[in-house]
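Data block below; observations after.
The values are calculated or read from the model by the stated rules, or taken from the named source; none is laboratory data. Quick caveat, the model's predicted, so the values are computed rather than measured. Methodologically, a virtual Cβ is constructed for each residue, glycine included, from the backbone with ideal geometry; neighbour enumeration extends over all protein chains shown. Remember, those area values only see protein heavy atoms, side chains included, never the ligands or the DNA or RNA. Shrake-Rupley method; radii C 1.70, N 1.55, O 1.52, S 1.80 Å.
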Amino acid sequence: MKKLLHYFPLLLVSVCLSPAISFAQSEATLFVNGNDSHQIISKDIYGMFSEDLGQGIYGGFWVGKKSDIPNKDGIRLDLVNAFKKIHIPVLRWPGGCFADTYHWKDGIGPEDKRVGIANEDWGMVPDNNHFGTNEFMELCDMLGSDPYIAGNMGSGTVQEMSQWVAYLNSDIPSAITDLRKENGRDKPWKVQFWGVGNESWGCGGAMTPEYYSDLYRRYANFCKNYPGAPLKKIASGPNGNDIHWMDVLMKNIPHNMMWGVSLHYYTIATGNWRDKGSATQFGEDQYFGALQRALNMKTVLNDQEAVMNQYDPQKKIALVVDEWGIWTNPEPGSNPAFLYQQNSLRDALIAASTLNIFNNHADRVKMACLAQTVNVLQALALTQGKKMVLTPTYYVFDMYQVHQNATLLPLKLISPDYTFDGQSIPAVNASASRDSSGVVHISLVNLDPSKTITIKTSFGDVSWNQVSGTILTSAHFDDYNSFEDPYKVKEASFSGAKKEGNMLVVQLPPKSVVVLALK
Ligand code: AHR
């Protein structure tokens, strides 16, 4: 801190003395403080959400054991191989809204004995329940991800939820553990992350926060900690920036009964839920609108954290942003209930900027899950028969994985504005961390679609000699990867950063994400 105070005034002086024209020429100033850093960026901020919705599971991860698409036990291998590379730390399932209609016993045992259901929330389509608890746990195992299960509090009983926990986590002889053994799994999986309901203010039961928090106490009470398997229970938190919901939960739920509170925040480019705008056909108005609304995540976190801080100043309760991302109109011709959307460079910029916000809030945000992994909303991958394409958002998660479990380095950034139609947002956002081998990574995003921005970075207590980097950009902000042109937007190596004296000078191209490694 002493060092920061030492350096920062110099920085301010140099900024203030610069002629105003230097900002018009697009220059940003960054100070990275390597001193006094102790906050770990939880790897779980890089988590994913995969609901039984549209072709997220069926036709996505799950192709079935008889498919001619390469699979292991019905799980699609090209997806697994691609996702293993980006180290997804945690995977949330089965919903979403689906969670509060899901009865887990429908999805266990021999396939031909499983009962079919209608997927009530997502198009009333038939669901044969061939992907259930054991299959989800196998998927997590293949990915190397921790499972995060959302229990049914909306239409399920307390007994049902408590037995699901026992099926997953108990090693004590009982009818439920016998059932697991009959289904081929001897030892418990020891699931940690447990959601008690989902969007209980809406599709999860249309509850008031007072009613939900009472009910939470009852359900959570019967979700037991089995030996060696303590649960991290997560309450269903606010819809966006609903302060009252958070306030009631923090007040009414004993803090030793919950590990975290969730929060859902979606970016709608138009600001209009009835017509969210196309994923690929948009102009600068929706480019700007989407970025502006995505950056609002920072305000939402600040506001929600302020409420949590009143009740939990020591920050023991985690904020879990377990649904986030851009939500556009579905692709023309697709089933509108399947929420199938393409994914452009704009969406990658949203992902990168949001992850920078999460990194910088690592003291409270301990987990986040992008909605929704495959074929649904802001997906990492899209599939079509045997074909699979990785989206621009996938590459952001690839580049940013260096921040997982690294130590956050606080920074001060003075950015020029990107202005459109009389409104402005900061053109540049950033976060920085130091990994366990001492390498410092800085992730930088330039949202301005037409200006290169020069970033002059000074450091406190960071010594380095070499810089290397990776960039994600493309000719147009609406460029995307299709089955016909799968590598239009992909990461490449970056040579626009150099050492000048003690300073790092970066030429950050328009509409780009850059991650630098300083050694
Ligand atoms: O992600 C799609 C839906 O959005 C989820 O099912 C629900 O939780 C949210 O409203």
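General remarks:
- Normalised by the number of residues in the chain, the mean separation of alpha-carbon contacts (under 8 Å, six or more apart) gives a relative contact order of 19 percent.
- For the chain, calculated [θ]222 nm from helices alone, where every DSSP H run of n ≥ 4 adds -39500 (n - 2.57): -8000 deg cm²/dmol
- Unit charges on C-beta of K, R, D, E only; dipole of the range 43-406, Debye: 760 debye
- Å² per residue, accessible surface of the chain at 1.4 Å: 39 Å²
- For the range 348-367 and the range 483-510, distance of Cα centres in Å: 20 Å
- Within the full protein context, the accessible area of LYS276 is estimated at about 30 Å² for a probe radius of 1.4 Å.
- Potential lengthening of the chain between ALA306 and LYS85 amounts to 75.9 nm, from the contour at 0.36 nm per residue minus the alpha-carbon distance.
- Using a probe radius of 1.4 angstrom, the carbon and sulfur fraction of the accessible surface of the range 15-151 is 54%.
- Sequence-distant contacts, meaning Cα pairs under 8 Å at least 6 residues apart, place the relative contact order of the range 39-153 at 29 percent.
- Each 5 Å bin from 0 upward holds the following percent of the Cα-Cα pairs of the range 70-192: 2, 10, 19, 22, 22, 16, 7, 2, 0.
- If you plug the beta carbon distance of ALA337 and ASN35 into 1/(1 + (r/R0)^6) with R0 = 41 Å, you get a FRET efficiency near 0.20.
- Where Rh is the Kirkwood radius over Cα pairs, Rg/Rh for the range 170-228: 1.11
- Evaluating 6.51 cos²θ - 1.76 cosθ + 1.60 at θ = phi - 60° for every residue in the range 261-274, the Karplus couplings come out as 10, 7, 8, 10, 9, 10, 9, 10, 4, 8, x, 10, 5, 7 Hz, glycine and proline recorded as x.
- Sequence of PHE136, PHE420 from largest to smallest accessible area, 1.4 Å probe: PHE420, PHE136
- Above 16 Å, the calculated P(r) of the range 415-511 contains 63 percent of its Cα-Cα pairs.
- Filter on LYS66/LYS387; LYS233/LYS276; LYS105/LYS251 - keep pairs with C-alpha separation over 23 Å: LYS233/LYS276; LYS105/LYS251
- Taking a ≥ b ≥ c as the square roots of the eigenvalues of the Cα gyration tensor, the range 128-256 is prolate, since a/c reaches 1.5 or more and a/b is larger than b/c.
- Inverse of mean 1/r across different Cα pairs in the chain, Kirkwood, Å: 23.7 Å
- Potential lengthening between ASP275 and ASP78 on full extension [0.36 nm per residue; Cα-Cα distance subtracted]: 67.6 nm
- Order of exposure, largest accessible area first, which applies to TYR340, TYR212 with probe 1.4 Å: TYR340, TYR212
- Considering only the chain, percent of DSSP beta bridges that pair antiparallel, nearest 5: 60 percent
- When the convex hull of its Cα atoms is projected in every direction, mean area for the range 311-435 (nm²): 10.9 nm²
- Note on surface exposure: MET142, MET161 rank MET142, MET161 by accessible area, highest first, 1.4 Å probe.
- With all protein chains modelled, accessible area of TRP122 [1.4 Å, Å²]: 40 Å²
- Surface accessible to a 1.4 Å probe, ASP73 within the full protein complex, Å²: 70 Å²
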